[in-house]
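Enquirer: Okay, here's the structure, questions in a sec.
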Protein chains: 2
Amino acid sequence: MNTRLHDPFKTAFDSLDEFADLISQVLKCPITIEDANHRLLAYSTHDERTDPARISTIIGRRVPEKVINQLWKEGTIPALLNTNEPIRVKSMNDIGLSNRVAISIWKQDEVLGFIWAIEIDKFLSVEDFSLLKKAADAVKNKLLQLQTRKNKKEESSQEFFWKLLTGHLKAKDEIIKHFHTLQITPPTSFAILVFQFQENITSKEEHYISYLLNTDQRMKIILYTIDCNQLILLVSATGLENPFDELDHFARVFVLKMSERYRIKDINPVYSSICEDYQKTNKAYEEILEVFSIKEKFPLETKDIFNYQKLGIYQLFDLILEKRRNEEYENYSLKRLHEYDGKHNSNLVETLEVFLNKDNNINDAAKELNVHANTLNYRLKRISEIGAVNFKDPNQKIILYLDLKLAKYQGI
Amino acid sequence: MNTRLHDPFKTAFDSLDEFADLISQVLKCPITIEDANHRLLAYSTHDERTDPARISTIIGRRVPEKVINQLWKEGTIPALLNTNEPIRVKSMNDIGLSNRVAISIWKQDEVLGFIWAIEIDKFLSVEDFSLLKKAADAVKNKLLQLQTRKNKKEESSQEFFWKLLTGHLKAKDEIIKHFHTLQITPPTSFAILVFQFQENITSKEEHYISYLLNTDQRMKIILYTIDCNQLILLVSATGLENPFDELDHFARVFVLKMSERYRIKDINPVYSSICEDYQKTNKAYEEILEVFSIKEKFPLETKDIFNYQKLGIYQLFDLILEKRRNEEYENYSLKRLHEYDGKHNSNLVETLEVFLNKDNNINDAAKELNVHANTLNYRLKRISEIGAVNFKDPNQKIILYLDLKLAKYQGI
DNA sequence: ATCCTTTTTGGGGATTTTCACAAAATGTTC
DNA sequence: GAACATTTTGTGAAAATCCCCAAAAAGGAT
C-alpha cells in the first residue's frame, strides 16, 4: 500500500482518458491533460464538479484563446515552460477559471503538454504536488507516442503542401485525393500566408511558431511548412466575412506575439489573394514572393502593405520605371514645378505630393505640411497654373502621382 | 492720252510699292496690295488719308486677324476667291474698316493676292472698277516672281524641318546654322503640332492650310511641312503664358475653321510637349505619333486629349494590359463586385467607375447615375465592404481605376 | 530704402458635404 | 402573401469646405 501510494501511476493504461481518471481518483479533483499547444488530450469524468473554463476547453477540444492569453500575461504559462514543478493558479472569474494547479510534462528539455488539476473543494497539499509530478512523469511516454504519430502526419502534409506550392500537382482529383489521405476537408476558399523572418528559422523558433499557430483559434490553418526564413501557411478563408481584414489582423497578432513572447522581431507577413482553386496555389505563392521583392525595393512606402492587392501602384512600379527610362520621358508639369521651386525656393512639388498622398484632402494635407489650409489652397491654385494641372481630372492626377513617386525613387 | 487712260498700268516698275503708288495716283485713293495670305506686299504713300484697319495692316505687315475673320463671315473673302471682279465692302466701324473696294489677283485658277482701294472721299466709278481690274492683271507677274522666291525658301525650310523631325541633325551648331541660313531666329522653346486629316492632303487643301496658318496670328509658326495626311508644324512656345492652353485653343480653332470654311472635317490635332532643345525634335515628333497610335485604340476615351501629357493613364495602358495578361492577374475587389452584381443584379461596378471618373465627387457621380446622393453613399459603403476597398487610399483607388478601364477595354 | 510682387494667414459667411436616422420601396425566401 | 433583408430616398443638423477679402509677412528688384 505504501509503495502504491508512493507512486500510484506506475501501472499500465490503454488510453489517456483512463489515466486522467486515475489521477483524478488519486488527487480527488477534476483533471485535464493538454498537449504543448493546449489541445485537449484527455479529461477525467469521475468528478462532475468543474468550472466554465474547463467546460469550454472540453467542448472545443482546446483551451479557449482568451484563457491562454490571460495565462501568458499573468505569467502562468511562462512559469510552466520554465520549471517541471507544479504551479498554482489563482481563480480568475472574468475568464471562468477557478483555483487550480498545473504542471508541465517534460521530455528532456522539451515540454510535451500539461496536466491541470482543479481545486474545487480542497487545496492540493505538498504531497499532492509530488503526486502530480509523478503523474506528469508517467504520462510522458504516452504523449511522446502521440507526438510521433502527429509528426508523421505533419511530414506527409508538408510534402503535399510543397507540391501544391511549386505547382507539381496539376490534376484536381489528385489534389482532392491527397487532402483525403491526410483526413483534411479542403475549404472552398483559401489563402497562402507567409511570414518572413529576419534569420533562418531555428527548430526552437519552430516550436514557438507551432505553439502560436495551434493556440490561435481565429484562423484555421490547413497546411503549413517552413522554408529557410519563411513560414508558409495555407489558411481557410471560408466563413470569414472580410477575409482581408481577418488575415491582416491575424498577421499582426502573430507578429506581435512572436515579438512579445519570444523576442523575435521584424517578421514580415504577406498574404495572397483569396483562391478557390487549389491548382493555383503556386500562383498565390509566387504572388507573395513578388510582394516581398517589391517590399524590398520600397520598404518605407510599402511597410504597411501585406498583400499584392494593396500594393496599389507599386505593383506596376518597375514596369513604368523602365518605360519612362526608355522613352526619356519628362513630366512637363513636374518639370515646371521643379523649376519654379528652384527659382523661388518654394516647395510646390512637395506640396503636391502630400496633397495627393492625402487623397486630395486639403485639411489633412495642410496639417502634414504645417501650413494654413488657405495657404495650401493658394499653392494648389499656383500648381495648377504653373504645371497646367487640372485637379478635377483623375487621369492627370494619376500620372502626376506616379511620376512623382518615380522621380522620388530615382532621386534617392 | 486716250490709250494711256485705257491702260495706265502697262509700264515697267521696279518695286511693288512704286506700283501701289501708281494705282493710288490713277484712282485717287489709298491702295494696299496683299498676297494670298493677307500679308502686306505694298502700300501707297501718296495719299495720307486712311482708316484704322489699314494702319494696323501696315504696322503689322499683315491684315489683322479679326478683320480677316470678319471678312470671311460677312462674305467678302469667299466672294473674292470666287471671282476676278472688284468687290465693294461696306464700312465696318467696329473693326475700323471704312468703305473700300477689293479685287483678287489671279494666275490661272489660283489667287495670288489682293488689291485694296479705300474709298475715303469718293466712291469708285464703273470705270475705276475696270481700271482696278487692269491693275490686278498688270501686277500678276510680279506676284508670281515673289511667290516663286518664297516657294524656294519654303522648300529648303521643309527639307530642314524633315531633317529635324527624323533626327538627322545631331549637332547643335549645325541646327543653328540652318536656321540662320533660312533667316529664322529659332525660339528658345517650341512645340511640334500635327494635324492628322482623314485623307491624304491634296494640293488644294494645302492652299487652304497655308492660308489659315498664315492668317492666324496667335501662333508663331516657325516651320511646317506636309506628309501624306499629316500637317506638321513647329511652333514657337516662347512668350506664351500657358503654352498648353494656347496650343489647345489654336488647334481647336484650326480644326473649326477648316471645317467651317472648307468643309474639311474630322481633323485630329496632337501636339508635343514644350521643347527647348532642337536636337530633341524627333523625340517630340515620335511622342506625337505615339499619341495618334493610342488615340486609335481608345478613340472614345481620348477624344478630347491632344497631348501626351494629358493622355494620363492611357500612356501606360498597353504596358499594363500586357503585364496583367502575363500574370493572369485578377483584381479581387472587382471580382467580388462583379459577383455581387451578378447575383443581385445591382451595378456596383458601374457605380464605382462613375464615381472614380468624377474624381470622387459624390454629387457629380450621383447626377450621372441618376440616383440620390445618399444612394451613392450607401453603395460606396457597400463597395468598400464587399470589395475591401479603402476609399481614402489613393494607391488602391488608382489600381482599381486602372483595372476597371482595362477590364472595360478587354470586355469590348 | 522703397516699391513691388508673391506668399501666408486669418476671419467670416455661403455653400457643400457628411452622417445618422427613418420611412418607403424593392427584392427574396419560404 | 408574410416575413425578412436589402436598397433607395428623404430630412435635418453638424461638420467641413469653399470663397472672398484683407492684412501681414516675405522676397526681389531697382
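Every number here is computed from the coordinates shown, using simple stated rules; none is lab data. As the structure is a computational prediction, the values presented were derived from the model and not from experiment. Cβ coordinates were reconstructed from backbone atoms using ideal geometry, including for glycine residues, and neighbour counts include every protein chain displayed.
Enquirer: About its Cα centre, what dipole magnitude does segment A:317-411 give when the only charges are +1 on Lys and Arg Cβ and -1 on Asp and Glu Cβ, stated in debye to the nearest 20?
Expert: The dipole of segment A:317-411 has a size of about 240 debye.
Enquirer: Looking at the square roots a ≥ b ≥ c of the eigenvalues of the Cα gyration tensor of segment A:166-304, which shape do they give, rounded for a/c under 1.5, prolate if a/b is larger than b/c, or oblate?
Expert: Prolate is the answer for segment A:166-304, as a/c is 1.5 or above and a/b outweighs b/c.
Enquirer: Remind me, relative contact order of chain B in percent, using alpha carbon pairs under 8 angstrom and six or more residues apart? Let's see the in-between values first.
Expert: On the way: 537 pairs, mean separation 41.9, N = 412.
Normalised by residue count, the contact order of chain B is 10 percent.
Enquirer: Helix B:348-357 sits at what angle to the longest principal axis of chain B, using alpha carbons and giving 0 to 90 degrees rounded to 10?
Expert: Once rounded, the angle reads 40 degrees.
Enquirer: Using +1 at the C-beta of Lys and Arg and -1 at the C-beta of Asp and Glu, which of A:Ile95, A:Ile105, A:Leu81 has the Cα lying farthest in the positive direction of the dipole of segment A:75-116?
Expert: Of the listed residues, the answer is A:Ile95.
Enquirer: If you put a point 7 Å past Cα along the Cβ direction, how far is that point for A:Lys392 from the same point in each other copy, in nm, smallest first?
Expert: 2.7
Enquirer: Taking the Cα centre of segment A:166-304 as origin, work out the dipole magnitude from +1 charges on Lys and Arg Cβ and -1 charges on Asp and Glu Cβ, in debye rounded to 20.
Expert: My answer is approximately 280 debye.
Enquirer: Taking the number of other C-beta atoms within 10 Å as the exposure measure, put A:Val270, A:Val194 in order starting with the fewest. Spell out each step's value before the answer.
Expert: Working: A:Val270 26, A:Val194 23.
Sorted ascending by nearby Cβ count, the order is A:Val194, A:Val270.
Enquirer: Over the whole of B:386-396, what's the average partner chain Cβ count within 10 Å per residue? Rounded to a whole number, please.
Expert: 5
Enquirer: While we're here: With everything on Cα atoms, drop me the angle between helix B:317-327 and the longest principal axis of chain B, reported from 0 to 90° to the nearest 10.
Expert: So the helix axis and the longest Cα principal axis differ by about 20 degrees.
Enquirer: Hey, got the average number of other protein chain Cβ atoms within 10 angstrom for residues in B:127-140?
Expert: What the average comes to for B:127-140 is 0.
Enquirer: Could you tell me the center-to-center distance, by alpha carbons, between segment B:218-287 and segment B:381-412 in angstrom?
Expert: What the calculation gives is 36 Å, centre to centre.
Enquirer: Hey, got the dipole for chain A? About the Cα centre, +1 on K and R Cβ, -1 on D and E Cβ, debye to the nearest 20?
Expert: 220
Enquirer: What's the angle, to the nearest 10 degrees (0 to 90), between helix B:126-165's Cα axis and the longest principal axis of chain B?
Expert: Tilt relative to chain B: about 40 degrees.
Enquirer: Also: What is the count of Lys pairs in segment B:284-384 whose alpha carbons sit under 19 Å apart, if the two are 8 or more places apart or on different chains?
Expert: So the count of such lysine pairs works out to 13.
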